[in-house]
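Bear in mind these aren't lab numbers, they're just calculated from the coordinates by the rules spelled out. All values reported here derive from a predicted model rather than from experimental measurement. Backbone-built Cβ (ideal geometry, glycine too); neighbour counts: all protein chains shown.
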There are 2 protein chains.
Amino acid sequence: MKILDGKKISNDIKEEIAVEVAQMKERGEKVPHLAAVLVGNDGASLTYVGSKVRSCEKIGFESTLIHLPEETTEEELLKKVEELNANPDIDGYIVQLPLPKHINEEKVLMAVDPEKDVDGFHPVNFGKMALDMESFIPATPFGIMELLKRYKVDTEGKNVVVIGRSHIVGRPISILMSQKGEAANSTVTLTHSRTRNIEELTKQADIVVSALGVPKFLKESMIKEGAVIIDVGITRVPDETQKRGYYITGDVDFENVEKKASFITPVPGGVGPMTIAMLLKNTLLARARHNKKA
Amino acid sequence: MKILDGKKISNDIKEEIAVEVAQMKERGEKVPHLAAVLVGNDGASLTYVGSKVRSCEKIGFESTLIHLPEETTEEELLKKVEELNANPDIDGYIVQLPLPKHINEEKVLMAVDPEKDVDGFHPVNFGKMALDMESFIPATPFGIMELLKRYKVDTEGKNVVVIGRSHIVGRPISILMSQKGEAANSTVTLTHSRTRNIEELTKQADIVVSALGVPKFLKESMIKEGAVIIDVGITRVPDETQKRGYYITGDVDFENVEKKASFITPVPGGVGPMTIAMLLKNTLLARARHNKKA
């Protein structure tokens, strides 16, 4: 059993990016600039956005946090998005989800300039990804692919079972791993709430990617010997003995599954940190692409 | 065994559309107008485009065939595309593929106004489809979905194996059938050239969608009793005893497979005619959407 150490790999990636940024500075070039828009005061969102901004600072990116009050109207948010689209200093930006209920998320995501859409959530980027064109790949599936690449996990012709058909993880990773290329060329089965025989499927899988959000859903009995296990679940379980009042757990019953798996991602320290690293990578790519056009 | 009669269903759909068009005319409204751009003289392409134009005439659509010589430059074709985008009389249009080798297909498809992209090949339409948003669905997978719906084939929770990962059939049908909704909610496995255990997978499938282009690839021994078989393969096999010098065959060894299947599409007369019907349906949708905006 080998840990797919997302914390280590994400640090490697950040260091690689920091070196590139330092070279940019030496050459007198503009460094990448990431902006994040946060509406309201959701606890998890504050943590995520804060962590993204801090990562930018560490690697030498410029960053801007735009924190808007919960009462912000859709119109005001769309105006802010237009400003970010028009601002040549901003290479990429994210609108942290979820948005307050009175704002139409789809409308906002559609308004983001696809060339600054470093989350890869705009349909044109999603479509380009699915059609094997250059695009921004959503950070979480991009992180999974990178982790598989760096550990040289053999994926070609392997049976992959993806659990969960979300737009930001399950759907895109099912597409990416079944395409041609590195960390791909797999035979992918996408499962979801209507799947009837999930255990039968996971038992036959060489690789399982679980993005369900149900703590300890994937048990040792559900996987085959030597399987590769990617745990994308991040659930906060309330726990008063913890300082912050909760602990983080994944979809996988790690303690037991790790004995049977050949590779496994821990939670925390697996896919989570990779997501931030790949957001930074996308911002670096955005800068390079804008440079090329300028 | 029951034939999924694409010829009959496509005629039903065309009749339904013809009724709508007649009503539009009565109300003094503009009727849908489909244009087709054909570059060069590829035999199959000439047949397909001709058949699309004739279908338009039959149901009361306006149609325009733009036949350009093989030597047309990319620039000239892009100019034609711009004209079609700008022409308010054209509701939707297609650029018949393949294009001559000196023209960059991707560049041309990217230039088509997504709101007139009735083939559903533009990445923004593909992305919207994958993200469960309103879009134009590529005609062939759209036709398969419609066929399944009209015959009330039970797909929910069923295991579907798709053979082939092409951008116009395998990939989109794998996405559509694994989404929520009618003729969907299936557990879909997408297989391709690197898949190692294709027979093992098809044997477990409740529904097989074959879009490979290899005559008689799918044999009786590869499917389970009562499976639903969708044959998207259309191969022209040279045959001098035939008037036109070839015969058309699908991916499925029909004669033997039909004995074991619960539903099966014939070739010809299955998915093929559905493709044209759904192109017309998309053009009708385009007209309605433009009307709403006007």
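Near B:ILE94, the amide H atoms lying under 5 Å from its own belong to B:ALA35, B:ALA36, B:VAL37; only residues 5 or more places off or on other chains count, and H is placed 1.01 Å from N. Near A:ILE223: Cβ cut-off under 9 Å, other residues only, Lys/Arg at +1 and Asp/Glu at -1. The net charge is +2.
Between A:LYS8 and A:GLU75, full extension at 0.36 nm per residue minus the direct alpha carbon distance yields a gain of 20.0 nm. Near A:VAL188, the amide H atoms lying under 5 Å from its own belong to A:VAL160, B:LEU190; only residues 5 or more places off or on other chains count, and H is placed 1.01 Å from N.
With the charge dipole of the protein assembly as shown set up from +1 on Lys and Arg Cβ and -1 on Asp and Glu Cβ about the Cα centre, the Cα lying farthest toward the positive end among the listed residues A:ALA35, B:ILE144, B:THR155 is that of B:THR155. What the phi angles of region A:86-92 give under the Karplus curve with 6.51, -1.76 and 1.60, with θ = phi - 60°, is a coupling list of 7, 7, x, 6, 8, 7, x Hz, glycine and proline written as x.
Distant-in-sequence amide contacts of B:ALA205, defined by a placed amide H-H separation under 5 Å and a gap of 5 or more residues or a different chain, comprise B:LYS224. The count of lysine pairs in region B:139-272 that are at least 8 places apart or cross chains, and whose C-alpha atoms lie under 14 Å apart, stands at 11.
Backbone phi angles across region B:62-77, fed through the Karplus curve with coefficients 6.51, -1.76 and 1.60 (θ = phi - 60°), yield HN-Hα couplings of 7, 9, 9, 9, 10, 9, 9, x, 3, 7, 3, 7, 4, 4, 5, 5 Hz in residue order; Gly and Pro are listed as x. Taking every DSSP beta bridge that has both ends in the protein assembly as shown, the antiparallel portion is near 15%. Shielding by partners for peptide B:161-174, expressed as the average number of C-beta atoms from other protein chains within 10 Å of each residue's C-beta, is 2. For region B:1-148, please report how many Lys pairs fall under 19 Å Cα to Cα, leaving out neighbours fewer than 8 apart on the same chain. So the count of such lysine pairs works out to 20.
Within chain B, the ratio Rg/Rh, alpha carbon atoms throughout and Rh by Kirkwood, equals 0.97.
Axis between B and A by rotation; chain B residue with nearest Cβ and distance in whole Å recorded as B:GLY127, 2.
Dipole magnitude for the protein assembly as shown: about 960 debye, using +1 per Lys or Arg Cβ and -1 per Asp or Glu Cβ, origin at the Cα centre. Dipole check for region B:139-272: with +1 at the C-beta of Lys and Arg, -1 at the C-beta of Asp and Glu, and the Cα centre as origin, the magnitude is about 300 Debye. About the centre of its Cα atoms, region A:28-113 shows a dipole size close to 320 debye [charges on the beta carbon of Lys, Arg (+1) and Asp, Glu (-1) only; nearest 20 debye].
Peptide B:191-202 shows a mean partner chain C-beta count of 4 within 10 Å per residue C-beta.
Once the Cα atoms are used to define both axes, helix A:139-150 deviates from the longest principal axis of chain A by about 60 degrees.
Against the main long axis of the alpha-carbon atoms of chain A, helix A:271-293 sits at an angle near 40°.
For region A:176-190, the Karplus equation 6.51 cos²θ - 1.76 cosθ + 1.60, evaluated at θ = phi - 60°, returns couplings of 4, 6, 9, 7, 6, x, 6, 6, 9, 6, 8, 9, 9, 10, 9 Hz by residue, with Gly and Pro reported as x. For the pair A:LYS58 and A:HIS102, the difference between a 0.36 nm per residue extended length and the Cα-Cα distance amounts to 12.3 nm. Straightening the chain between A:SER221 and A:ASP154 buys 21.8 nm, computed as 0.36 nm per residue apart minus the Cα-Cα spacing. Hand me the GluC sites (Glu not before Pro) from region A:55-145 located in a DSSP loop with no more than 15 other Cβ atoms within 10 Å, in residue order please. Filter output for region A:55-145: A:GLU70, A:GLU71, A:GLU134. The same position B:ARG27 in the other copies lies at 5.9 nm from this copy, comparing label points 7 Å beyond Cα toward the beta-carbon, shortest first.
For a protection proxy built on the mean count of beta-carbon atoms within 10 angstrom, sort A:5-13, B:193-201 highest first, please. Let's see the in-between values first.
Details: A:5-13: 18.9, B:193-201: 15.2.
Result, highest mean Cβ count within 10 Å first: A:5-13, B:193-201.
For chain B, give the share of DSSP beta bridges that are antiparallel, in percent and rounded to the nearest 5; count only bridges with both residues there. Approximately 10 percent, going by the DSSP bridge assignments.
Put simply, region B:139-272 fits an ellipsoid with semi-axes of 23, 16, 15 Å; these come from the alpha carbon gyration tensor as the roots of five times its eigenvalues, largest first. DSSP finds beta bridges in region B:139-272, and of those with both partners inside it, around 20 percent are antiparallel.
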